[in-house]
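Participant: The structure is given below, and queries will be raised subsequently.
The values are calculated or read from the model by the stated rules, or taken from the named source; none is laboratory data. These numbers were taken from a predicted model, which means no experiment stands behind them. Reconstructed Cβ throughout: ideal geometry from the backbone, glycine too, with neighbour counts over all protein chains shown.
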Amino acid sequence: MKKIFIFCFILFILISSYYLGSIKFLDRFKNSQEKKMVTYVTPTITSYPVIDVFNNLKESNNGYAKYEDEKIHVSFEFPQNLTINGTPCYITLEKFAPFPHSSMWSYISIYIQKKNDNSICYTNSGLYENKPLLDPYDFKNSIFNKITSLKVGESISTSKDIPEYFTYKRLVDEIIGDNKVKHYISSLVWESSKNTVEHVYQINNEKYIAWINGFINEDLTQPDSIPFQTLSHILSTFHFD
């Protein structure tokens, strides 16, 4: 009887140890997976400046939000249903849509460049990958640099591999708001639907060049679609103050 009791006691200790060890292992595994998930979706913050929504955004009486940058002296209005991201020299505006974006993906970007200066500009990236939040923007190899010398009516393909994509044509200059604007257009946008049109506008002052780039699709049944009217409003309210 005593041997049976000792055997049962040892068996109980072994089963309890195994059970408790399994729980600790599962807890450690769960915690490690949670840490991996947090590491994956949380961007690494660097020392480069990003848009401060508390200081850069002001209320507007007509239902729009107003963006102001006191250093570069840039301001414009945009609808409150758009989210704003980026850095003071590279601003992105888009509607929230689940990642990855659909073929209807629309967004507007504003790149502020110093005249005669290809200095590094930092952009928002890495929101869905484990890499730094801000990456340098390469203006030298951008479409903006490639199309800037076009004359009215001229066109250029900026893609060596697939020439039919990313072909930009310079249209007639326009007066939008208080600005004289150069207008470029690309009607066949790679990785976008056939209904998406890319508009690029160039606005200058004495110190800076603003490139306002909009991927526009008028199919407003799509959750991330941005109408041309929105791009027009941003352009009409854009100022180098």
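Participant: Go over the candidates S187, S236, S193 one by one and state the one that is modelled with pLDDT under 80 and of a type outside the set (K, R).
Facilitator: S193
Participant: Looking only at the range 142-165, which residues are at pLDDT 90 or above and in contact with a helix residue (DSSP H, G or I) (Cβ under 8 Å, 6 or more places away or on another chain)?
Facilitator: Listed by number, the list holds a single entry, I156.
Participant: Within the range 224-232, is there a residue that is surrounded by 15 or more Cβ atoms within 10 Å (Cβ to Cβ), over 18 Å from F76 (Cα atoms) and either of a type outside the set (S, T, Y) or touching a helix residue (DSSP H, G or I) at 6+ places or on another chain (Cβ under 7 Å) (or both)?
Facilitator: Yes: one or more hits.
Participant: Which residues, counting only those in the range 73-86, are at pLDDT below 85 and more than 12 Å from L57 (Cα to Cα)?
Facilitator: Within the range 73-86, N81, G86 qualify.
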